[in-house]
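S.K.: One structure, as structure tokens, below. Some questions next.
The values are calculated or read from the model by the stated rules, or taken from the named source; none is laboratory data. Predicted, not measured: the structure shown is a model, and the values here were computed from it. All Cβ positions, glycine included, derive from the backbone under ideal geometry; neighbour counts span all protein chains shown. Areas reflect the complete protein model, heavy atoms only, side chains present, ligands, DNA and RNA absent. Shrake-Rupley method; radii C 1.70, N 1.55, O 1.52, S 1.80 Å.
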Amino acid sequence: EDKVVQSPLSLVVHEGDTVTLNCSYEVTNFRSLLWYKQEKKAPTFLFMLTSSGIEKKSGRLSSILDKKELFSILNITATQTGDSAVYLCAVTSSGSARQLTFGSGTQLTVLP
Amino acid sequence: DAGITQSPRHKVTETGTPVTLRCHQTENHRYMYWYRQDPGHGLRLIHYSYGVKDTDKGEVSDGYSVSRSKTEDFLLTLESATSSQTSVYFCAISGRSDRSSYEQYFGPGTRLTVT
């Protein structure tokens, strides 16, 4: 059974801080790891990583995948109150009808 | 944003009654999914579809059934609702026919309360 574990469960920081969110996984026939952001509504897609060592960047957000150690990190620099959300990590495997297995998420709160 | 809608957005129903939730997409995506989201459990897959009339069970399928008679619509039915099915239900889509990407796009969600 595929498994995704995220840490920490919650995090409180102040604006301008840099945060690192962690995601470890166990999956058969790994294909990709995905990050989502969820505010008080539906999850929105951030990144998909397939190859190890490739860093994805989008503005202040970046993510790295380590397929040898089976983990990924999501970095957010110069945090803003608008970054407050639950960040979800998910994995998918080859030949799985593109099913995603999600972690429980990290609740990030950015204080002004 | 992917064109995906869910109806109803909110519903309160009584234990033992049947409930049907609808997911509608305008993006011609092949794959459709139903999830439930509960505190402490994250998103859990209920059922999914990989084509018209092609469906399969997910992690938490007991008490739920689905149907997909056309590409655009994926229905989730609770045959006899129970209080444990109180949750937020999300539909998601993936795999537009001209792309091989694996990311899923989510609908706005349906908040279901079973009293």
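S.K.: Do you know which residues of region B:10-57 lose at least 40 square angstrom of accessible area in the protein assembly compared with their chain on its own, with a 1.4 angstrom probe?
M.R.: B:Tyr31, B:Leu43, B:Tyr48
S.K.: Quote the charge dipole size of chain A about the Cα centre in Debye, to the nearest 20; the model charges only the Cβ of Lys and Arg (+1) and of Asp and Glu (-1).
M.R.: My answer is approximately 320 debye.
S.K.: How well do other chains shield peptide A:36-44, expressed as the mean number of their Cβ atoms within 10 Å of each residue Cβ?
M.R.: For this peptide, the per-residue mean of nearby foreign Cβ atoms is 4.
S.K.: Let me ask another. Assuming R0 = 25 Å, can you tell me the calculated FRET efficiency for the pair B:Lys53 and A:Ser94, based on Cβ-Cβ distance, to the nearest 0.05?
M.R.: With R0 = 25 Å, the Cβ-Cβ based efficiency is 0.55.
S.K.: With r defined as the distance between the Cβ atoms of A:Phe45 and B:Thr17 and R0 fixed at 30 Å, what FRET efficiency is calculated, to the nearest 0.05?
M.R.: My answer for the efficiency is 0.30.
S.K.: Shifting gears a bit: Assigning unit charges at the beta carbon (Lys, Arg +1; Asp, Glu -1) and nothing else, what dipole magnitude in debye, to the nearest 20, does the protein assembly as shown show about its Cα centre?
M.R.: Using Cβ point charges on Lys, Arg, Asp and Glu, the protein assembly as shown gives about 400 debye.
S.K.: Next question. Just to be sure I understand the curve: with the Debye formula and one point per C-alpha of chain B, what is log10 I(q)/I(0) at q = 0.10, 0.17, 0.22 Å⁻¹?
M.R.: Debye curve over Cα of chain B, log10 I(q)/I(0) at q = 0.10, 0.17, 0.22 Å⁻¹: -0.26, -0.76, -1.24.
S.K.: Near the amide H of A:Glu15, under 5 Å away, which other amide H atoms are found, from residues 5 or more places off or on another chain, if H is placed in the peptide plane?
M.R.: Answer set, sorted by chain and number: A:Leu111.
S.K.: Treating only the Cβ atoms of Lys and Arg (+1) and Asp and Glu (-1) as charged, compute the dipole magnitude of region B:4-114 about its Cα centre; round to the nearest 20 debye.
M.R.: Here the size comes out at about 180 debye.
S.K.: A follow-up question, please. What nm distance separates the two modelled labels at A:Ser7 and B:Thr77, each placed 7 Å from Cα along Cα→Cβ?
M.R.: Between A:Ser7 and B:Thr77, the simple spin-label model gives 4.5 nm.
S.K.: Something else now. With a 1.4 Å probe and all protein chains left in place, how much accessible area per residue does the protein assembly as shown have, in Å²?
M.R.: 48
S.K.: Also, I was wondering about something else. Using 0.36 nm per residue of separation minus the Cα-Cα distance, give me the extension gain between A:Thr20 and A:Lys67 in nm, one decimal.
M.R.: 15.1 nm
S.K.: Tell me, what % of the accessible area of the protein assembly as shown is carbon and sulfur with a 1.4 angstrom probe?
M.R.: After summing per-atom areas, the C and S share lands at 47 percent.
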